[in-house]
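Single-structure report; data block below.
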């Protein structure tokens, strides 16, 4: 049933920045070109996934540095950085550097979970041997936020006249405002409530968790958004984002349409069952502009969100991604009440 949607605050995309094992530079160059193209189209944000030991970008902060010099306006988001892999102090330095270079455009999307490799030898190699004693809970993000905010880490002694006086009590470079641009990427009512209590922004994707007997994907995420805002100090004004795989066929070549439809059909079986204890996956939406607009208008999660994000399929190529962004910015966005940035 169609409800009155909230005004769209921003429209953007998520990209894996996939690359070839033997020639990774080409994939990273394509990502930079795609972000430049998205900015030219007037899209508000581009988000980078984080992948470790896969053929996808492992370090968004590094690519943000390059994108800060290749673009001028578009928001640069991470969706998401699993901070279990990170030392919060070093991550604060890297993202702070990227945000300074980008002029305050970084949106740090984060998540927490403990080491997930079944083999302890792999965990030792990835996380170092101390991972068994580490706390991989929400407190890791609280610590990171404090470092972004400039909380002092130490006391700096008086200058003693030897060398230069370069010491700081906090993480440097400090980028004012970065601590307010933190997003928690979650998929459960528990994480939604925590993100709300912590005063973060809420970021959800095409993977979530069924809870309390609710199986409809849109309703599951609508419930999370409402739980998030119920706990957030800003209440109904708290910011929530929804991301899905939406692939327009309007304006595509016959070969592209065939590829897009085969892609969605091949992934459909995974959406028809529950994975593990509670994980559910949203079906991809492949169709005309009118069909995608109708889907967005009738999806209760989108109706409750402030920010809409299109997830770009990993297996596609640069021209396919450009096609999706072009139709998103010139046809779908305006049809749902969004206006491109100048």
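Key figures
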{"item": "Residues of the range 188-199 that turn out to be surrounded by 22 or more Cβ atoms within 10 Å (Cβ to Cβ) and either at pLDDT below 95 or in contact with a strand residue (DSSP E or B) (Cβ under 6 Å, 6 or more places away or on another chain) (or both), as a count", "result": "1"}
{"item": "Residue satisfying all of: in the range 117-128; under 30 Å from residue 181 (Cβ atoms) and touching a helix residue (DSSP H, G or I) at 6+ places or on another chain (Cβ under 8 Å); surrounded by the fewest Cβ atoms within 10 Å (Cβ to Cβ) among these", "result": "126"}
{"item": "Search result, residues across the range 82-102 that are over 20 Å from residue 150 (Cβ atoms) and under 14 Å from the mean Cα position of the chain (by Cα)", "result": "82"}
{"item": "Of all residues in the range 57-81 being farther than 14 Å from residue 28 by Cβ and within 16 Å of the chain's Cα centre (by Cα), the one that is surrounded by the most Cβ atoms within 10 Å (Cβ to Cβ)", "result": "79"}
{"item": "Boolean, residue 247 is in contact with a helix residue (DSSP H, G or I) (Cβ under 8 Å, 6 or more places away or on another chain), assigned to a strand (DSSP E or B) and more than 26 Å from residue 144 (Cα to Cα)", "result": "yes"}
{"item": "Selection from the range 42-56 of residues that are in a loop (DSSP other than H, G, I, E, B), closer than 21 Å to residue 181 by Cα and in contact with a strand residue (DSSP E or B) (Cβ under 8 Å, 6 or more places away or on another chain)", "result": "43, 44, 49, 50"}
{"item": "Conditions (1) part of a helix (DSSP H, G or I); (2) within 20 Å of residue 68 (Cβ to Cβ); (3) in contact with a helix residue (DSSP H, G or I) (Cβ under 7 Å, 6 or more places away or on another chain); number of the one not met by residue 173", "result": "(1)"}
{"item": "Output for the range 116-128, where each listed residue is free of Cβ contacts under 8 Å to residues at least 24 places away in the same chain and part of a helix (DSSP H, G or I)", "result": "120, 121, 122, 123, 124, 125"}
{"item": "Residue identified as in contact with a strand residue (DSSP E or B) (Cβ under 8 Å, 6 or more places away or on another chain), surrounded by 13 or more Cβ atoms within 10 Å (Cβ to Cβ) and either more than 22 Å from residue 50 (Cα to Cα) or without any contact (Cβ under 8 Å) to a residue 40 or more places away in the chain (or both) among 202, 131, 183", "result": "202"}
{"item": "Any hit, the range 64-80, residues being within 21 Å of residue 243 (Cβ to Cβ), in a strand (DSSP E or B), touching a helix residue (DSSP H, G or I) at 6+ places or on another chain (Cβ under 7 Å) and modelled with pLDDT of 95 or more", "result": "yes"}
{"item": "Hits in the range 17-33 - residues which are in contact with a strand residue (DSSP E or B) (Cβ under 8 Å, 6 or more places away or on another chain) and either in contact (Cβ under 8 Å) with a residue 40 or more places away in the chain or assigned to a loop (DSSP other than H, G, I, E, B) (or both)", "result": "17"}
{"item": "Total residues in the range 220-245, condition more than 16 Å from the chain's Cα centre (by Cα) and more than 14 Å from residue 187 (Cβ to Cβ)", "result": "11"}
{"item": "Residue match in the range 142-165 (condition: outside any helix (DSSP H, G or I), touching a residue at least 24 places away in the same chain (Cβ under 8 Å) and touching a helix residue (DSSP H, G or I) at 6+ places or on another chain (Cβ under 7 Å))", "result": "no"}
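The values are calculated or read from the model by the stated rules, or taken from the named source; none is laboratory data. These figures come from a predicted structure and were not determined experimentally. All Cβ positions, glycine included, derive from the backbone under ideal geometry; neighbour counts span all protein chains shown.
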